[in-house]
1. Do we have any residue at all in the stretch 169-185 that's touching a residue at least 12 places away in the same chain (Cβ under 8 Å), within 25 Å of residue 72 (Cβ to Cβ), in contact with a strand residue (DSSP E or B) (Cβ under 7 Å, 6 or more places away or on another chain) and surrounded by fewer than 14 Cβ atoms within 10 Å (Cβ to Cβ)?
2. Could you pull out the residue among 212, 173, 194, 198 that is part of a strand (DSSP E or B) and farther than 16 Å from residue 145 by Cα?
3. Of everything in the stretch 115-131, what is surrounded by 17 or more Cβ atoms within 10 Å (Cβ to Cβ) and either modelled with pLDDT under 95 or more than 30 Å from residue 39 (Cα to Cα) (or both)? Give them in sequence order.
4. Please find, among 188, 233, the residue that is within 30 Å of residue 138 (Cα to Cα), in a strand (DSSP E or B) and in contact with a helix residue (DSSP H, G or I) (Cβ under 8 Å, 6 or more places away or on another chain).
5. If I filter the stretch 146-159 down to residues being within 17 Å of the chain's Cα centre (by Cα) and surrounded by fewer than 16 Cβ atoms within 10 Å (Cβ to Cβ), which single residue comes out as farthest from residue 212 (Cα to Cα)?
6. Would you mind stating whether residue 130 is assigned to a strand (DSSP E or B), under 19 Å from the mean Cα position of the chain (by Cα) and under 23 Å from residue 191 (Cβ atoms)?
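The values are calculated or read from the model by the stated rules, or taken from the named source; none is laboratory data. Please read these numbers as outputs of a predicted model, since none were measured by experiment. We place every Cβ from the backbone using ideal geometry, glycine too, and count neighbours over all the protein chains shown.
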C-alpha cells in the first residue's frame, strides 16, 4: 500500500523530532555519568502521561500509559504495555474508501461539503522483549519492537441533518469500534533519580489500518510517553 508523500513526511518529521530531542537530553544527562550500574532491579513498573499523534487523520489524543516488566538479564527485559487515550478528529469524504466516496457523491446535494466531527478513544495492548544498554551509571537506553493490538471507538458528532443521515447509514448505533494489529519500533531512556525511581522518556512509531471497511488508508501513529518508573526486586547486577 502506498501513502501520499506529505503523509509519510509528516509522520517521519514528528517521530524524528521526538527522537532528536530525546538524544539531546541523553547526551546532556549522561556526559558526567559514565560508569557501571551497581543496581539493576528484577522488576519495574511505569505509569505516566502519553499522547498518540496520527497525522493522516489529524487525530491527537492525550492519555495514560502503563508498563510492567521483568529483567531476566541486565541487557534485556520482557514486559506488558497498555495505553488509553482520547481526542477528536474530523472525518471528510477523502478519508473514506473509494466505494463510499462514490456512494456519497451520488447521494449528497450539489455544493454540500460533508464534515463530521468525531470523538475517538484508543486503547493499545502489547508485550514482548526490550533490549537495554547500561553503559552509563545514571542513564539506561533501550530499544524494542512495537507489536500488539489496537482498539478504537469512534463516536461521530454530526452537526446538520445531512451529516446525521450519513452517520445513521454508516454507523446505525451512533458509533463504530474496531480492533487490529499494529507494528513498528520504539525506544527511550530511564534517567535515574534514586535507586528505585527513574524518569522514563520513550517514543514509538507504529502502523495500523483501523476501520479498513470505512477508511481507505492505514496510518502511522507516533506515541510519546513520560513519567516515573519504579524499580523493585532483587539486584540482578551481582
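1. Taking every residue of the stretch 169-185 in turn, at least one turns out to be touching a residue at least 12 places away in the same chain (Cβ under 8 Å), within 25 Å of residue 72 (Cβ to Cβ), in contact with a strand residue (DSSP E or B) (Cβ under 7 Å, 6 or more places away or on another chain) and surrounded by fewer than 14 Cβ atoms within 10 Å (Cβ to Cβ).
2. 198
3. Scanning the stretch 115-131 gives 116, 118, 120, 121, 122, 124.
4. The unique qualifying residue is 188.
5. Per the stated criteria, the residue is 147.
6. yes
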